[in-house]
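S.K.: I'd like to ask some things about the structure below.
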Amino acid sequence: MKDPYDVLGVAQTSSAAEIQKAYRKLAKKLHPDLNPGDKAAEDKFKEVAAAYDLLSDADKRKRFDAGEIDASGAERPQHHYYRDFATSDQGASYADASGFADFMGQDDAFAELLRRSSRARPNRRGHDLHYHLEIDFADSITGGTKRLDLPDGSTIDVKIPPGLIDGQTLRLKGKGAPGSGKGEAGDALIEVEVRPDRRFTREGDDITFELPVSITEAVLGGQVRVPTPTGEVTMSVPKGSNTGTRLRLRGKGAPKRGGGQGDQFVTLKVVLPKVADSELEAFVSNWKDRGYDPREGRAS
């Protein structure tokens, strides 16, 4: 174990008052109730509590300084390790807060925290556990249930609310680490990542989609099938549509928080045949522009 003087940051010649002051300062910084879920702070706090337990006892301190006992309070040359210390009487100062007895009678906020802590510790709430879950874009719009595999081999069924946003964290109450004594279990905090979909882009509660159309559909109009996150629907393409024409499918976007549904906006893209069409080429060659300028109104 570490030298208790080093743990508290005091010299071997320090007075009892100086040791108590150093201990109080570290305890305020590292106390588990002030650092929930911080395992490193909790482990450091245990070291500080053990060091003070030894050095605040005049007889133990004298024997330690003389080399008769080690930092765990064990008789030399017997060697004890932290796992032994944690289950021995020496570790009880952390378990029951007896190491704070010098402060319990004081009348400040920190002393009150220690008093509450000593009463609540046997029934401490379990820590929250953090997980990561990937879902498809469509599931983020429609919602559903996804199964999350946990490191210990168990699983959790996670209910995905409709309209979930990428990076949103879901809380599953009571699915975290178990509490001690009668303390309730912590929660599972699940950060959800929405996989990108090459077809759709989300803009708030609305969705955008680019739809390729043929020359015939653009010029003459017609009915076309359009994908949405909830399945295909039929949409009318107006006559004389151009690339960039933006059409609206009402209610086909993401659910809104206050109720209702966003829209899906469909941007048309006129696409020529991949294979050369001699009839189309002949028609265009003989067709007159009839006086219209496709670049009219654009800056030169």
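Any read-out appearing in this document is the output of simple, stated calculations on the displayed coordinates, not a laboratory observation. Because the structure is predicted, anything quoted here is derived from the model rather than measured. Glycine also receives a Cβ, built like all others from the backbone with ideal geometry; neighbour counts cover every protein chain displayed.
S.K.: Straight distance only, please: which lysines reach the Cα of residue 21 with their own Cα at less than 27 Å, same-chain residues fewer than 8 apart left out?
M.R.: 2, 29, 39, 44, 46, 60, 62
S.K.: Also: Fewest Cβ neighbours within 10 Å first, please rank 252, 239 accordingly. Walk me through the intermediate numbers first.
M.R.: Details: 252 23, 239 11.
Starting with the residue having the fewest Cβ neighbours, the order is 239, 252.
S.K.: So who's got an amide H within less than 5 Å of the one on residue 168, skipping anything under 5 residues away but keeping other chains? H placed 1.01 Å off N, in plane.
M.R.: Sorted by chain and number, the residues that satisfy this are 192.
S.K.: Determine the dipole magnitude for region 200-286: charges of +1 sit on the beta-carbon of Lys and Arg, -1 on that of Asp and Glu, nothing else is charged, the reference point is the Cα centre, and the result goes in debye to the nearest 20.
M.R.: 440 debye
S.K.: Whole-Hz ³J(HN,Hα) for each residue in region 24-30, computed from phi via Karplus 6.51 cos²θ - 1.76 cosθ + 1.60 with θ = phi - 60°, x for glycine and proline: what do you get?
M.R.: Karplus values, whole Hz, x for Gly and Pro: 4, 5, 5, 4, 4, 7, 10.
S.K.: Between 190, 241, 229, whose Cα lies farthest towards the positive end of the dipole of region 136-269 when Lys and Arg beta carbons carry +1 and Asp and Glu beta carbons carry -1, centred on the Cα centre?
M.R.: The one lying farthest along the dipole's positive direction is 241.
S.K.: If the reach is capped at under 16 angstrom between alpha carbons, list the aspartates and glutamates near residue 173, excluding any in the same chain fewer than eight residues apart.
M.R.: 128, 157, 184, 187, 191
S.K.: Return a single number: how many Lys pairs in region 174-300, at a sequence separation of 8 or more or on separate chains, have alpha-carbon atoms below 27 angstrom apart.
M.R.: Step by step, the pairs that qualify in region 174-300 add up to 7.
S.K.: Next up: Provide the net charge surrounding residue 195, with neighbours chosen by a C-beta distance below 15 Å and charges set as Lys +1, Arg +1, Asp -1, Glu -1.
M.R.: Spelling it out: positives minus negatives among the neighbours equals -3.
S.K.: About its Cα centre, what dipole magnitude does region 129-194 give when the only charges are +1 on Lys and Arg Cβ and -1 on Asp and Glu Cβ, stated in debye to the nearest 20? Walk me through the numbers on the way to the answer.
M.R.: Details: 7 positive and 11 negative charges, 78 e Å.
It comes to approximately 380 debye.
S.K.: If amide H atoms are built 1.01 Å from N in the plane of the peptide, which residues on other chains or at least 5 residues away come under 5 Å of the amide H of residue 144?
M.R.: Long-range HN contacts for residue 144: 160.
S.K.: Now for a different question. Tally Lys and Arg at +1 and Asp and Glu at -1 over the other residues with C-beta under 11 Å from the C-beta of residue 184: what net charge comes out?
M.R.: It works out to a net charge of +3.
S.K.: Within 12 Å, Cβ to Cβ, of residue 35, how many net charges do the neighbouring residues add up to if Lys/Arg are +1 and Asp/Glu are -1?
M.R.: Neighbourhood net charge equals 0.
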